[in-house]
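First up is the structure itself, then whatever we jot down about it.
None of the figures in this text is laboratory data; all of them are computed from the coordinates on show. Quantities reported herein were computed from a predicted structural model and do not represent experimental measurements. A quick note on method: Cβ atoms are made from the backbone with ideal geometry, for glycine too, and the neighbour counts reach across all protein chains shown.
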Amino acid sequence: MSVSVFLLCLGLTARATRLVTDDRILAAVRARLIGRYGPDAFLPYLVGCPWCMSPYIAGGVYSIGWWWGDTTAFVIVAAAASASWLYGIAATWADPLDTGRL
């Protein structure tokens, strides 16, 4: 695995972890898991905890990167996810009070 593929996997892991654990687009899924199993069950806790979820996501992402990291499709998806994550971090740092919601 090259350094560039490793870094793309890192960015993709960060973005996918954020998507699963924090982003509003999957809030209904997290709420449904909490409603079904309770807030203290393993699965609802897992999808709400970035430190807990990231090893599972990283395992999948780095496995895909190991086998298909040299393909154009992987590079495009991983670069887009990495750029999205980096922009989110930069926007939060530059404008901490701006939530971006109307």
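Worth pointing out:
- Among the trypsin sites (Lys or Arg not before Pro) in the chain, those located in a DSSP loop and surrounded by at most 15 other Cβ atoms within 10 Å of their own Cβ are R101.
- Backbone N within segment 1-34 under 14 Å of label point (7 Å from T92 Cα along the Cβ vector): 14-24
- Between S84 and R32, the contour length at 0.36 nm per residue exceeds the Cα-Cα span by 16.1 nm.
- Scanning the chain for cysteines with no neighbouring cysteine C-beta under 4.7 angstrom from their C-beta gives C9.
- Value of relative contact order over the chain, rounded to a whole percent, pairs C-alpha under 8 Å and six or more apart: 42 percent
- Calculated on C-alpha atoms, the gyration radius of segment 1-50 divided by its Kirkwood radius gives an Rg/Rh of 1.16.
- For the chain, the pair-distance distribution built from all alpha carbon pairs, in bins 5 Å wide starting at 0, is 2, 13, 18, 20, 17, 15, 11, 4, 1 percent.
- Helix 27-37 and the longest principal axis of the C-alpha atoms of the chain enclose an angle of approximately 60°.
- Nearest 10 degrees, 0 to 90: helix 50-68 Cα axis against the chain principal axis: 30 degrees
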